[in-house]
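The values are calculated or read from the model by the stated rules, or taken from the named source; none is laboratory data. Note that the coordinates shown come from a computational prediction; the quantities given were computed from them, not determined experimentally. Don't worry about glycine lacking a Cβ; one is built from the backbone with ideal geometry, like all the others, and counts go over all protein chains shown.
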Amino acid sequence: MSTEHFDDKGSPIDNGARIYVAGHRGMVGSAIVRALKQRGLDDPIAFTSSELDLRDPTAVQRMMDRERPTHVYLAAAKVGGIKANADAPADFIFDNLMIETSVIRAAHLTGVSKLLFLGSSCIYPKVTAQPITEGQLMTGALEPTNAPYALAKIAGIELCKAHRKQHGSNFISAMPTNLYGPGDNYHPTGSHVIPALIRKFHKAALSGAPAVDCWGSGTPRREFLHVDDLAEACLFLMDVYNGEEHVNVGTGVDMSILELAEMIAKLTGFSGEICWDSSQPDGTMRKQLDCSRIHALGWHHQVEVEAGLRAVIDDYAARPDEARSK
Ligand SMILES: NC(=O)c1ccc[n+]([C@@H]2O[C@H](COP(=O)([O-])OP(=O)(O)OC[C@H]3O[C@@H](n4cnc5c(N)ncnc54)[C@H](OP(=O)(O)O)[C@@H]3O)[C@@H](O)[C@H]2O)c1
């Protein structure tokens, strides 16, 4: 890891930086904006996708020339669950490649001091040793259902590395594990496992249903990180990390889907039976990140899953009905 060129860049906060958050309305981008505000920073530079389509390199370059950001958090992406990825693989690879290429190239051409690119743990091989270290990238075949998305994310890491190598750009990459928290997607067919289970158990608890059906066997294990912890990790890496290698961001702890379902059942007040439909696919049996690199740098997560879920469920339960599927 070569970090020596960049040791004098320091924290964006100390430098009176002009910060651009790409994807500021998304779950991750909005958490980064909250974390920046908590540090007393002004509103960052930000545009919605209808104001600025990041797939358009000319428009992105024009914006960068006008706004002259010094620090960029690249949290804009086309993101979705298994079904969305399966239905629109061309959009997932095209949109993500275009967004990354446009933003990273324009950041280089306008002399951005530092850029943080956000990828995802789906970059790692489908079958690989656990917990997964950063070095396991490209050591095996990807999970086929989201390979187009994962390949675009791997290309993003390489774009950062290549600009560092050729132009000396201080562009870094973070790979978060599964996230949950405010701003999550509760859509009935497009949501990830935590919002999907919250929807089901909350509804069953309200109606007094005797049982809830869950997909699969409940045995796969997953790691979950609160998005506010991820946002803190992003600010931390922007402050202290100047290496070319991407950095895993997680808790270093995983749990079975069965344990997760039981926890959500308890927190939503559901006391009926949980039935597992083993005819449905389980997906990868285990996916846990090795977080030694970020731990060695001095960052650790703060929000434990039960406390994080309790806050998310309280927020969900307080929503009006029509806001529960967004
Ligand atoms: N969610 C997770 O569990 C998870 C886990 C690991 C990694 N990540 C990574 O974190 C990053 C952000 O994910 P997220 O969950 O925050 O996604 P999200 O909630 O879907 O937000 C994505 C944001 O990207 C913006 N965007 C998408 N296409 C755009 C375009 N063509 N032009 C401009 N903006 C565009 C959207 O802007 P508008 O709202 O203005 O349309 C949206 O705010 C992604 O790189 C993802 O891989 C997420």
Looking at the stretch 306-313, can you tell me whether even one residue there is hydrophobic (A, V, I, L, M, F, W, C), within 20 Å of SER173 (Cα to Cα) and in a helix (DSSP H, G or I)?
no
Exactly one of LEU74, LEU36 is of a type outside the set (Ser, Thr, Tyr), touching a Phe, Trp or Tyr at 6+ places or on another chain (Cβ under 9 Å) and within 12 Å of the ligand (Cβ to nearest atom), and that residue is LEU74
Just a yes or no: is a residue in the stretch 196-213 part of a helix (DSSP H, G or I), among the aromatic types (Phe, Trp, Tyr), in the same structural domain as ASP314 (by TED's automatic domain parsing) and at pLDDT 95 or above?
yes
Please tell me if ILE82 is within 13 Å of the ligand (Cβ to nearest atom), surrounded by fewer than 17 Cβ atoms within 10 Å (Cβ to Cβ) and at pLDDT below 95.
yes
Taking only pairs six or more apart or across chains, which ones have beta-carbon atoms under 6 Å, a first residue in the stretch 112-130 that is near the ligand (Cβ under 8 Å from one of its atoms), and a second residue that is of a type in the set (Lys, Arg)?
GLY119/LYS153; SER120/LYS153
Matching residues in the stretch 187-221 - criterion: being touching a Ser or Thr at 6+ places or on another chain (Cβ under 8 Å) and within 20 Å of ASN146 (Cα to Cα):
HIS187, PRO188, GLY216, PRO220, ARG221
Lone qualifier among GLU223, GLU158 - being without any contact (Cβ under 8 Å) to a residue 24 or more places away in the chain, within 16 Å of the ligand (Cβ to nearest atom) and either buried (at least 21 other Cβ atoms within 10 Å of the Cβ) or not β-branched (Val, Ile, Thr) (or both)
GLU158
Could you list, in sequence order, the residues of the stretch 39-63 that are away from the ligand (no atom under 13 Å from the Cβ) and more than 25 Å from PHE236 (Cβ to Cβ)?
THR58, GLN61, ARG62
Within 13 Å of the ligand (Cβ to nearest atom), out of contact with any Ser or Thr (no Cβ under 9 Å at 6 or more places or on another chain) and of a type in the set (A, V, I, L, M, F, W, C): does that describe ILE99?
yes
Consider GLU223 carefully, then state whether it is at pLDDT 95 or above, within 21 Å of ASN96 (Cβ to Cβ) and among the acidic types (Asp, Glu).
no
Would the stretch 134-144 turn up any residue that is outside any loop (DSSP other than H, G, I, E, B), under 20 Å from VAL249 (Cβ atoms) and either touching a Leu at 6+ places or on another chain (Cβ under 8 Å) or not assigned by TED's automatic domain parsing to the domain that holds GLY29 (or both)?
no
Which of (1) under 29 Å from ALA233 (Cα atoms); (2) crowded, with 17+ Cβ neighbours inside 10 Å is the odd one out, the single condition SER292 does not satisfy?
(2)
Residue satisfying condition, being closer than 23 Å to ALA150 by Cβ and either of a type in the set (Asp, Glu) or more than 15 Å from the ligand (Cβ to nearest atom) (or both), within set ASP239, ASP254:
ASP254
Name the single residue that is modelled with the lowest pLDDT among those in the stretch 102-144 being over 21 Å from PRO176 (Cβ atoms) and of a type in the set (Ser, Thr, Tyr).
SER113
Please go through the stretch 271-303 and give me each residue that is assigned to a loop (DSSP other than H, G, I, E, B), under 21 Å from the mean Cα position of the chain (by Cα) and in contact (Cβ under 8 Å) with a residue 24 or more places away in the chain, ordered by number.
GLY283, THR284, MET285, GLN288, ASP290, CYS291, GLY298, TRP299, HIS301, GLN302, VAL303
